[in-house]
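J.: Below is a structure I'd like to ask you about.
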Amino acid sequence: MLKNLDPVLSADLLWVLAAMGHGDDLALVDANHPAETIASSTTSGRLIRLPGLTMQRAARAILSVLPIDDFEPEPLRRMEVVGNAAALPDVQRAVQGEIDAALGRPAQLAGIERFAFYAAARGAFAVVQVGDPRPYGCFLLRKGVIAGEPG
């Protein structure tokens with residue numbers, strides 16, 4: 001355990017989050033997602049598993065340390081419900097709440113069609129799979145920067 005770090009943030013997950021660069025995407029996906037297949041195509045080739053967690057809990061931990069890109073118009077994306085792109089399942093509303101809390105303001109979760117999401121996830125830095133079985137709990141989070149002076 002480390003002070004002031006959410007215990008959900010495993011060593012492997014912290015490595016992935018720290019190794020990502022500005023503009024890299026993290027695919028945060030549910031238990032139904034073909035995560036192993038997609039993770040093998042990512043930059044890191046890594047799949048980080050967080051079994052037994054809800055998507056909301058995992059998102060809270062990740063967003064506690066991951067800056068979100070504010071140079072891009074759509075740095076936060078969600079998989080659209082097939083046949084009803086405007087629908088927001090409970091899992092997506094829960095993650096939306098975590099995003100808004102982490103950023104301190106409302107932020108848009110842009111929708112991406114299912115197969116376009118899979119393609120975008122293949123281009124991500126890494127995949128984090130949560131044990132949450134609710135469908136459409138699939139998100140892309142684009143890393144931003146923390147600017148400051150060296151030292």
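J.: Which one is nearest to the chain's Cα centre (by Cα) among residues in the stretch 118-131 that are of a type outside the set (A, V, I, L, M) and surrounded by fewer than 23 Cβ atoms within 10 Å (Cβ to Cβ)?
T.: Step one: filter the stretch 118-131 for residues of a type outside the set (A, V, I, L, M), giving 118, 122-123, 125, 129, 131.
Pick out the ones that are also surrounded by fewer than 23 Cβ atoms within 10 Å (Cβ to Cβ) and you get 118, 122-123, 125, 131.
On the way: Tyr118: 13, Arg122: 13, Gly123: 13, Phe125: 11, Gly131: 14 Å.
Result: Phe125.
J.: May I pose another question? Being assigned to a helix (DSSP H, G or I), touching a strand residue (DSSP E or B) at 6+ places or on another chain (Cβ under 7 Å) and not aromatic (Phe, Trp, Tyr) is the filter here; which residues of the stretch 114-131 pass it?
T.: Across the stretch 114-131, the qualifying residues are Arg114, Ala120, Ala121.
J.: Being more than 16 Å from Leu28 (Cβ to Cβ), open to solvent by less than 60 Å² (accessible area, probe 1.4 Å) and at pLDDT 95 or above narrows it down to one of Ala87, Ala102, Ala107, so name that one.
T.: The conditions single out Ala87.
J.: Pull up the stretch 7-17, narrow it to residues that are in a loop (DSSP other than H, G, I, E, B) and open to solvent by less than 30 Å² (accessible area, probe 1.4 Å), then point me to the one that is farthest from Ile68 (Cα to Cα).
T.: Ranking the candidates gives Val8 first.
J.: Condition test on Ala124, is it in contact with a Ser or Thr (Cβ under 7 Å, 6 or more places away or on another chain) and closer than 25 Å to Arg46 by Cβ?
T.: So Ala124 fits the description; yes.
J.: Follow-up. Which of (1) of a type in the set (Gly, Ala, Ser); (2) modelled with pLDDT of 95 or more; (3) over 18 Å from Ile112 (Cα atoms) does Ala27 not meet, given it meets every other one?
T.: (3)
J.: Something else about it: Just to be sure I understand the filter: pairs with C-beta atoms under 9 Å, separated by 6 or more residues or on different chains, first member in the stretch 20-47 and open to solvent by 30 Å² or more (accessible area, probe 1.4 Å), second member in a loop (DSSP other than H, G, I, E, B) and of a type in the set (Lys, Arg). Which pairs pass?
T.: Partner pairs satisfying both residue conditions: Ala31/Arg134; Asn32/Arg134.
J.: If I filter the stretch 18-68 down to residues being β-branched (Val, Ile, Thr) and part of a loop (DSSP other than H, G, I, E, B), which single residue comes out as farthest from Asp132 (Cα to Cα)?
T.: Going through the qualifying residues, I end up with Thr43.
The values are calculated or read from the model by the stated rules, or taken from the named source; none is laboratory data. Values in this document were obtained by computation on a predicted structure and should not be read as measured data. FYI the Cβ positions are ideal-geometry reconstructions off the backbone, even for glycines, and counts take in every protein chain you see. The accessibility values were calculated without ligands, DNA or RNA, using every heavy atom of the protein model including side chains. Shrake-Rupley method; radii C 1.70, N 1.55, O 1.52, S 1.80 Å.
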